[in-house]
Structure formats: structure tokens, C-alpha cells
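Here the structure comes first, spelled out in C-alpha cells, and everything after it is commentary.
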Amino acid sequence: MARTKSETPTGPFQNYTLSAAFDEMFTAPGKSRPQYQALYKRILELGPDEMRHRQQAADLSFLHQGITFTVYGREEGTEKIFPYDLLPRIITAKEWEHLERGLTQRLVALNLFLDDIYHKGCILRDKIIPRDLVFSCKHFRKEMRGVDVPRQVYVSVAGTDLVRLADGTFAVLEDNLRVPSGVSYMLANRQVMKWAFPQLFRNIGVRPIDHYGNALLNTLRALAPQKDREPTIVLLTPGVYNSAYFEHTFLARQMGIQLVEGRDLLVHDSVVYMRTVSGLKRVDVIYRRVDDDFLDPLAFRPDSALGVPGLFNAYRSGNVTLSNAIGTGVADDKAVYAYVPAIIKYYLKEEPVLQNVETYLLTEDSVRKHVLDRLDQLVVKAVGESGGYDMLIGPHSTAKEREEFRERIEARPRNYIAQPTLDLSRAPCFIDGVVEPRHVDLRPYVLYGDRVNIVPGGLTRVALRRGSLVVNSSQGGGSKDTWVLFE
Amino acid sequence: MTMLSRVADHLYWMSRYLERAEHTARMIDVFHNLVLEQEPSVAARYWDKLLASLEYDQSYSEMEASGWDTYQLTQTLTFDSENASSIYSCIRGARDNARNVRELISSEMWNEINRLYLGVIESRRDEEIGAHPHDFYQTVKEGAQLFQGITDSTTYRGPGWNFIQLGRYVERARALAVLLEAHFKAGGNEDYLELVALLKCCTAFEAFCKVYSPELQRARIVQFLLLNSEFPHSVRFAVDRIDRSLSRIAENAPGADSTRLLRLTGRLASSLRFGTLEELLAQGLVGFLEDIRHQLADIHGAMYQAYVTYPIEQALVPVTAGEFW
């Protein structure tokens, strides 16, 4: 048995302190978990100068590859590099096996739920989840009632946000079931890490993720409406001004498919075509990175210039597959989220593998009062938003902000939920020449075509500001590579 | 993988805009140089010719009457964002189009066009630019030429390449036809310096002197700029390239209907290949040039019809109730 070394922290770890939060790397000062031993040793060997040198090389490589995102609400076209941390986050095979089981269970159940509420509505009839709650979701699409989708798969790409609680267990924080983004950073991070730490990869046994593009392509292929010919698959982007445009171009290249905008497509006799220099070409599957609202000006927002008039009709006629389906947002509504454990039990007759975070629905008067009395301790989120917008973190908020949220909650209680402020787990980050702990979460990408397929990895997002709990890229977050080990 | 019509459109305009920026920069630079040593009345005539050659419908005297001087004139031609033909607007147009297909052009191409654009923005803010305009025009010309060189050496010779060539040579043929038309419309009383300027506007002075001699004869100049098959800034050379690019595109895009387009280009190319100077002059040079301009516009329209906005659009226009009744 290898003995874990226990020693006083040295070198770049001098200022590394542990807190009540779960630490991904250390069990006690200077005593690393077994899966981190090799990394720990390597960091001490390299020393701060060499580490800094490798961090710079990594930054430069992101810049040169143009791996950037656009921040909204600032001056037009602000492109930033997604901040990147050099130290990988490591997940053991055992932990991963557990996550994989939980994520699969969850996605299967959520797809059954979507199929049910857009068809028979058994779960509503059986009063497992209130009818009003479902129908009042911002992203519920009544147009989808009775529409059949291939293989009854509504969500074929999910980006589930997981957090690790103080006791070390993983819990689901959010299900992102509409157009989850960030997977290109997962892949780019890995590429850069392979340049920065080639030896570690060899010694430690990291499972590969490079086949994500191929896995996604196979998922989309499995959902093609016609089985008698090779489907034409395209990626629909809102265009160059979208914050995730880099990712769209990246994925289209990885899959070898056309990157199209709404104006490249047209619908004739309920069939979708793209306009090419060789004439019109029929399109079978659209991996769309455009929100429901903007897909078809005839069916949804009439002012949308990003969409394709008539697309919804073609979709309803079964002539084209949209991935994800329209109306999936109802299942990642933050109020519906509270019912996901019940949803899993209802459809699968199983206990949830992954737990939820305790969530308060604010429509109930007594619960709302309880929450409003404790705004300084809780996190409040808008139910239909993502990306960390419209959110209050109680312990880090000002009295004025709390007052604003109190008014908003009282005006529209259905629009918000509250959760305890989670002490997210912390992982070591290389910051200004020293290693410091920062809060992290984990977003694996779950694919579902003919079966659930999860590439072993994910995007570990880091709240780079000291003490911050917000990991969203739009709010000053960064990311690091995530290593899932073979054993 | 077939090419999206929108992508072809962006590549075509990226290239056209850049060619136009280069041409405009060269024209202004040449005329600036020309008027330096002229008395005001002659200078005004030259400015008129510059404006006509760049297709502005106002004359210099009209502009002067509304209180403009040559500084404001060149500022408008160079930096005015309201003027869609200014050098600034053309480079911005080229860069916007390139940005939309950034993943499909080489990164070297993107870097160069972005660099050129940023340089123009900087010069636009520079108050002192009026003091040394030549440097600026030189930068634009070199930037455009560098971009073309980079394009030549980094681009796969597929449909995208051919649309880039097409844009470049449609713009060049058109600009040359307009320039020659403006020059010869003004009558036969041009002086030696004007003929030198005409050749320099087409980067042709040195090449012309090598083929002929510095003794500038009108007929030889027309022969050279209109019918020469080997000089890149002759109308015939440009039209030959248009013809070649369109044939290549047609071979690779069997789904498109290019019959009319190829007929139009073939006809124009033949008239330049097989026409003689004598016939041309007998027919009337200005009329012939005007005709070339119209034919180029038809080719542009037919190219759009064949590859970008082909008529399914018409089939998709909803029939209004009125047409039934």
C-alpha cells in the first residue's frame, strides 16, 4: 500500500488553506487525495517559474486559436478570451461511474416527462406535479402538443451543472436542456493541457474526450427523420455576433457539417432546404443553436430575423429534426427542477442516483415568507434564465439589492426560486504564481440519440475571483480541464 | 461539401470591395500627384475627370460652388463613412464580408484584412493625414496587394477561390471601363501628362513603356488597356479571368443553371478576344465602353440568378388573393 505523504505545504502551495467546503485535491494541509498525487508531485518539481511559463504558453494558444466569447451589455463586440486555469480537475473512475449512472437516469426521465406533458399528460393527471406549474413555464410551448419527435427524444444534448457539496457528494444544480454551450472549451482545454503536461497524461491514465464531435454527429444521425438515406445535417447559428459563435464554427468543423444561418435555409412544401451554389439541398437534421423564440417568425417571435419562416410547419410534418426539440425549456425551468426527483420516481420507479439541491418554490405564502426573511442567506434565481443573469447571492448582496429582489419576488413569485447558498467544492488554481483554492462546478455534456452517451469529461468552471461563488463566463468565471481517470 | 450561396456572396463582395478600395486609392494618389504642378483651371478639369472616373455625378465646379476645397473632396473620397464608395467604406465592407466567412478563409487572410482595416481606422482619426496623403494611399494599395498575394498562396482552388477571383475581376473590368469611358468622353484634347496619369491609374505606365515606348499614342493606349491579353489591368485580361472563373464554378456546381451566365460572359470575352482596334474605333469607342459596362452588370445579375438568389424565391412568394380574382 502506498502511503499518502503528509507534509507541510511548500513552494507554490504555501498559502493554500482549507475551509469548510470540500477540497477536490487535499484531505488535510499538504496531504493530497490519491488521484492528485502525481499532479502534486509534478507541480512541486516544476516550480512557479516553469508553471508560469506554461500558463503563458496556454493563454497564447487560446488567443491564437481565437477561442473567445462575446460579453453582452458592454460596448459592442467585446471579445474576450475565456480565462483558463492550468491545473486539471481530476475525477476518479468510481466517481465517474456514479455520475454517469445518475446523469443517464436523469436525462431519460426528463425526456419521458417532456413526451408525457406534450402528449397524454399522465404525470399531471396523477398530480405528481401541478398542472399550473407546468403550463405557466416561460418555455412551455403549447404548439408542441401532440407533435411526435423521432425516438421520443426531446433533449439530445444536455449540459447538466453539477456541484459538489461539503460532504463530497455530487448534486445537480441545473439541467440545461435548451441550447447548452461550452463544450468547445472542454475540448480546447484538453488540447492545451496535452501540450502543457504531456508526461502527466502518460503516467496518470486520462480517458480521452476528442471523439465528442463524432459522438454528437452519431447522435444527430440517429434522430434523422428518414432512415433510407444518409441524412444532411447542419448546425444553425444566430451568426457572427452571437456570444458562442466560436463554438458553432468549431463544432461544425469537428463534425464536417455546414454552418448555416437562418437566411441560408428556406422551407417549401414543408421541406427544409439550404441554398447552395449547386442549387437547393434538402436538410434532414438541424443542430440548432438558436433559441425556440427565434426559430420561426411565423410560429414564434414575428420580429426574429434569425429564424426560418415555415420551419415549425416542416418540423411538425416530421420532415426535419430539430436538436434539441422545441419546448424542452419547460423541463429545465428552475421551479420544475424541484420536482425532478419525483419525475424520476414516477417514470422509472427508481430512486434518483444524483440528489437535487434543496429548492424553495415561492408561490406558497408560508415558504415565501420564510425565504423573504432569510434573503441574506439564500440564493435567488429567476426560473427561466440561465448564464447567471437575474440572480441574487444573499451573503454577497447589499441591502439595496435584497430590497429589489424582495419587490420582484412579491410582484411575480412564480418567476423565482430560492436555494441555500452552497459552499461549492474548491479546487487548486494557479493564480499569480501561487496555488490558491477556488470554487468550481462541473458541466458534463450528455448526448441522447439511440442511447445515452456521455463523453468522459466536462467543463469545470471556476469562480476565479477570490471567494466568489459564481462560475458563469459572463460573470467573471473561467475554466479548467477535467480529467476522468481510467481507474 | 457544396458551398452555401451566402458564403459565395460574401467571398465575391469581400474581393470586389477590396479591389475597389485599391483602385480608388491609386486613382486619388495619381491625381493628387498630377494636380500639384497645374494651374487652377487645369486642375479643376482633372478633378472633374477623377470624379467621373469614380462614378460621382457631381462635377468639381459644383462642389467648389458649395464651398468645398480639394481637402474636403479627398476626405470624402477617402474617409467618409456616409459615402459607400469611399476607401474607408470599401475596406470596412471587405472586412465585414470576410468576418462572416472567417472560418472558411485562411487565418492569414483574415489577419491581413483585419490589420488593413484597423490601420485605416487609425489613419481616419489622424488629424495630420492630410499632410502626407501619399503614404496612406500607398498603405491601402500595399495592403490590398498583400491580401491578394496571401490569398493566392493560401487558398484551396475550389469554388471559393473562383468566387474570389470573380469578384476581383468583375470589379476591375468595370472600373477600367468606367475610367476609359470618362477619359475618352472628355474628347481628344488631353495632354501628355493626362495620358501618363491614365496609364498610372491602371498601373500600366511601366508595362506600356516596355511593350511600346514612352511615346504615348492614343490608339496604342486603347489597344493596351482594352485588348491586351497579357497585362493584368486590361479589360480583356479581366474578362478572360471572369470567363475562366465562371466556367470552373459551373463545372463544380452541376445543380445550378448557368446557361445564360456562360453565354453572356462568352459573348463579352469573344468580342474582346476577336475584335480589332479599327472596328472598335469605327463603331465608336465610348459606346463600346458603355456597352461593356452594361454587359458586366448583366453578368453580375446572371451570376446572382444562377448561384445566389435563384428563382425558387419566386416560386415561394405567396400568391396574393388579388391575383386569383
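There is at least one residue in segment A:302-310 that is at positive phi, within 11 Å of another protein chain (Cβ to nearest Cβ) and at pLDDT 95 or above.
Among the residues of segment A:121-130, how many are in a helix (DSSP H, G or I), within 16 Å of A:VAL340 (Cα to Cα) and over 27 Å from the mean Cα position of the chain (by Cα)? Step through it out loud before you land on a result.
First pass over segment A:121-130, keeping only residues in a helix (DSSP H, G or I): A:122-125.
With within 16 Å of A:VAL340 (Cα to Cα) added as a condition, the list becomes A:122-124.
Retained after the next criterion (residues that are over 27 Å from the mean Cα position of the chain (by Cα)): A:122, A:124.
Number of matching residues: 2.
The single residue among A:ASP293, A:ASP332 that is among the charged types (D, E, K, R), surrounded by 23 or more Cβ atoms within 10 Å (Cβ to Cβ) and at pLDDT below 95 turns out to be A:ASP332. Restricting attention to segment B:170-211, the residues that are under 22 Å from B:ALA43 (Cα atoms) and outside any helix (DSSP H, G or I) add up to 8.
Based on this model, can you work out whether A:PRO341 counts as closer than 30 Å to B:ILE249 by Cα and at pLDDT 95 or above? Before you say what the answer is, go through the steps one by one.
Working: closer than 30 Å to B:ILE249 by Cα: no; at pLDDT 95 or above: yes.
So A:PRO341 fails the test.
Whenever a residue of segment A:256-278 is at the interface with another protein chain (Cβ under 7 Å from one of its Cβ atoms), its partners that are of a type in the set (Asp, Glu), lying with C-beta atoms within less than 6 angstrom and at least six residues away or across chains, give the pairs A:MET274/A:ASP264; A:ARG275/A:ASP264. For segment A:453-487, filtered to residues that are within 13 Å of the chain's Cα centre (by Cα), assigned to a loop (DSSP other than H, G, I, E, B) and modelled with pLDDT of 85 or more, the residue that is farthest from A:ARG207 (Cα to Cα) is A:GLY458. Filtered by the rule that a residue be surrounded by fewer than 23 Cβ atoms within 10 Å (Cβ to Cβ), away from chain B (no Cβ under 12 Å) and touching a residue at least 12 places away in the same chain (Cβ under 8 Å), segment A:220-253 gives A:ARG221, A:ALA222, A:ALA224, A:PRO225, A:GLN226, A:PRO231, A:PRO238, A:ASN242, A:SER243, A:ALA244.
For segment A:426-452, enumerate the residues that are touching a residue at least 24 places away in the same chain (Cβ under 8 Å) and outside any strand (DSSP E or B). Within segment A:426-452, A:GLY433, A:ASP441, A:PRO444, A:GLY449, A:ASP450 qualify. Within segment A:301-322, if we keep just the residues that are buried (at least 21 other Cβ atoms within 10 Å of the Cβ) and of a type outside the set (A, V, I, L, M, F, W, C), the residue that is farthest from the chain's Cα centre (by Cα) turns out to be A:GLY310. Of all residues in segment A:274-301, those being assigned to a strand (DSSP E or B) and on the phi < 0 side of the Ramachandran plot number 10.
Out of all the residues in segment B:1-12, which are of a type in the set (S, T, N, Q) and more than 10 Å from every other protein chain (Cβ to nearest Cβ)? Within segment B:1-12, no residue meets the criteria.
Quick test for you: out of B:SER81, B:SER15, B:SER89, pick the one residue that is more than 14 Å from chain A (Cβ to nearest Cβ), in a loop (DSSP other than H, G, I, E, B) and either of a type outside the set (D, E, K, R) or touching a strand residue (DSSP E or B) at 6+ places or on another chain (Cβ under 6 Å) (or both). Let's see the steps before the verdict.
Numbers: B:SER15 fails: in a loop (DSSP other than H, G, I, E, B); B:SER89 fails: in a loop (DSSP other than H, G, I, E, B).
Only one candidate passes the filter, namely B:SER81.
The values are calculated or read from the model by the stated rules, or taken from the named source; none is laboratory data. These figures come from a predicted structure and were not determined experimentally. Note that we place each Cβ from the backbone using ideal geometry, even for glycine, and neighbour counts take in every protein chain shown.
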